[in-house]
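In what follows, a structure is listed as structure tokens, so that the remarks can point back to it.
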Amino acid sequence: MITTSPGGLQAFADESFREAELGGFYVLAAAIFEPASEDAARDAMRDLQGKRAPLKLHWNEMNQQLRHNAVKTIADLDGLYVVAVGSPVPARRQERARAACLVQLTLELHGLGVTVLHMESRTPELNQRDINTVRGARFCLPSGEVFRIGHIPGKREALLWAADIAAGAVRAQHEGRANYQPLLDGSLHEIVVATDC
């Protein structure tokens, strides 16, 4: 169970998506841990990383057994995974879908006491697009509320890997592979987002 800390909580986010004229979707997942549990969660991610160091742990590079182990590991951590799933996502519309998911994720995270969202960095232009989206979403928050966003390279922050695993498990569920997401049932909160793409 996550409780709000006096300075607010941090969330760590990563994404997965599938573009398709029919059935496309965007998954934006955030991992939240109690501040006192963050280091233990990082250690668990590094244990999963194993011989891949110094490369980051990445869902798309895992085989089926490692994916199962990874989902089981994050399920056993004292964390919460908030996942916005947006659809439709036709070809070349993933950034619009990302923005729709990020707005809803920002509002949901704020409601849980999160004040800082760390996302895996992309290009400077795309990072700025995320920042602008969160700035716009903050207009929906009560006046004076704090919510910040920053970007970190994936190799530098292991808690981003937990978000990547959660996103991968949810994506697999939406693609008809239901063997991962049920492991997260007690710690997963999924939000359905209409992307209007």
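Given 37 °C and 0.692 mPa s, compute D for the range 40-197 with the Stokes-Einstein relation, Rh being the Kirkwood radius over Cα pairs; round to the nearest whole µm²/s. The Stokes-Einstein estimate is 199 µm²/s. Here, P(r) means the percent of Cα pairs in each 5 Å bin from 0 to the largest distance; for the range 101-141 it is 6, 23, 34, 23, 11, 3.
Determine the relative contact order of the chain: mean sequence separation of Cα pairs under 8 Å and six or more apart, normalised by residue count, in whole percent. Please list the in-between numbers first.
Values: 383 pairs, mean separation 70.0, N = 197.
36 percent.
Estimated at 0.36 nm per residue, the fully extended path between N179 and A194 surpasses their Cα-Cα distance by 2.8 nm. What whole-number distance in Å separates the alpha-carbon centres of the range 113-134 and the range 137-185? Computed from Cα coordinates, the inter-centre distance equals 12 Å.
The stretch between E145 and N127, if pulled fully straight at 0.36 nm per residue, gains 4.3 nm over its current Cα-Cα span. Across the range 6-132, counting alpha-carbon atoms alone, Rg and Dmax equal 15.5, 45 Å. Label zone (D78, point 7 Å along Cα-to-C-beta; backbone nitrogen cut-off 15 Å) within the range 25-58: 32-44.
Counting other Cβ atoms within 10 Å as a rough exposure proxy, the listed residues T195, T123 run T123, T195 from fewest neighbours to most.
All of the numbers you see were taken from the coordinates with simple rules; none came from a lab. As the structure is a computational prediction, the values presented were derived from the model and not from experiment. Note: ideal-geometry Cβ built from the backbone for every residue, glycine included; neighbour counts use all protein chains shown.
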